[in-house]
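The values are calculated or read from the model by the stated rules, or taken from the named source; none is laboratory data. These figures come from a predicted structure and were not determined experimentally. Neighbour counts are summed over all protein chains in view; Cβ atoms, including those assigned to glycine, are modelled from backbone coordinates with ideal geometry. Calculation scope for accessible area: heavy atoms of the full protein, side chains included, ligands and nucleic acids excluded. Shrake-Rupley method; radii C 1.70, N 1.55, O 1.52, S 1.80 Å.
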Amino acid sequence: MRESRSQIIAEHVMLALSRCALTERTYAQAVADLYMERTPLHARTVGFASSSDAYADSEANRQTVKRMLDGRVRMAVDLEEALVLALPQPFRHHLLTDLAARVGLLAAEQPAAHAAGQQHQVGDFIRDMGKALDGLSPMLDDGLLDERDAAYAPIALRELQALSARIETLCDGIRQHVLASGGSLGSKR
């Protein structure tokens, strides 16, 4: 049986909470802050606490988020964006990858518009290429991809999908910043 979107989000949040310095309280407050910042007042369906007692508010917000993550309360669809964006990297990227894959898409980053960001994206591409090769190498030890490689397939597929997303980001950057600026595929510098 396939997991729901809310279950996938909850699993990734729990993983982040168990593997990094993030606490339930700081995560929930980040969710509340992002939700209130990004969701217009008239469109809000979740009531986060916001009073003069910051400690009481953060505890109430922790309880609100925790109830949605553990399934006691149905996760509000308009809260999904804040739940995802409040996660630190690489947990956010892994969650976005899983959510995008559910609908047959890649979670590719938008191309950076400035030099430092573009260089960082090229570095991420090179890093992910190395990870993809590391994921494939045990499968190719005998020179053949077959059923004996099944144990390595999930990691190899995840790394190749990450590399595909990096490639799409770079291709889109070329389309946006080179070709849209009057460059063409055949021109040389």
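Only the Cβ atoms of Lys and Arg (+1) and of Asp and Glu (-1) were treated as charged; on that basis the dipole of the stretch 109-148 about its Cα centre amounts to roughly 240 debye.
Just so you know, the Rg over Rh for the chain is 1.06, from Cα atoms, with Rh as the Kirkwood radius.
Compared with the rule-of-thumb size 2.2 N^0.38 Å for a compact globular protein, the stretch 49-111 has a Cα radius of gyration ratio of 1.38.
In the chain, the DSSP-assigned H stretches of four residues or longer account for a calculated mean residue ellipticity at 222 nm of -19000 deg cm²/dmol, using -39500 (n - 2.57) per stretch and the full residue count as denominator.
Expressed as a whole percent, the accessible area of the chain that falls on carbon and sulfur atoms is 58 (1.4 Å probe).
Per the Cα gyration tensor, the stretch 99-138 maps to an equivalent ellipsoid with semi-axes of 22, 19, 4 Å, ordered largest to smallest. Can you give me the relative contact order of the chain as a percent, contacts being Cα pairs under 8 Å and 6 or more apart? Rounded, it is 20 percent for the chain.
Taking all protein chains into account, the per residue accessible area for the chain stands at 63 Å² (1.4 Å probe).
So how strong a dipole does the stretch 1-72 carry about its Cα centre when Lys and Arg Cβ are +1 and Asp and Glu Cβ are -1, to the nearest 20 debye?
Numbers: 10 positive and 9 negative charges, 55 e Å.
Result for the stretch 1-72 is approximately 260 debye, rounded to the nearest 20.
Quote the FRET efficiency, to the nearest 0.05, computed for residue 133 versus residue 80 with a Förster distance R0 of 41 Å and r equal to the Cβ-Cβ distance. My answer for the efficiency is 0.75.
A dipole drawn for the chain from +1 and -1 charges on Cβ atoms has a positive end, and of 51, 14, 4 the residue lying farthest that way is 51. Taking Cα centre as origin and charging only the Cβ of basic (Lys, Arg, +1) and acidic (Asp, Glu, -1) residues, the dipole magnitude of the chain rounds to 420 debye. Please work out the C-alpha center-to-center distance from the stretch 61-134 to the stretch 2-33 and express it in whole Å. Cα centroid to Cα centroid, the span is 12 Å.
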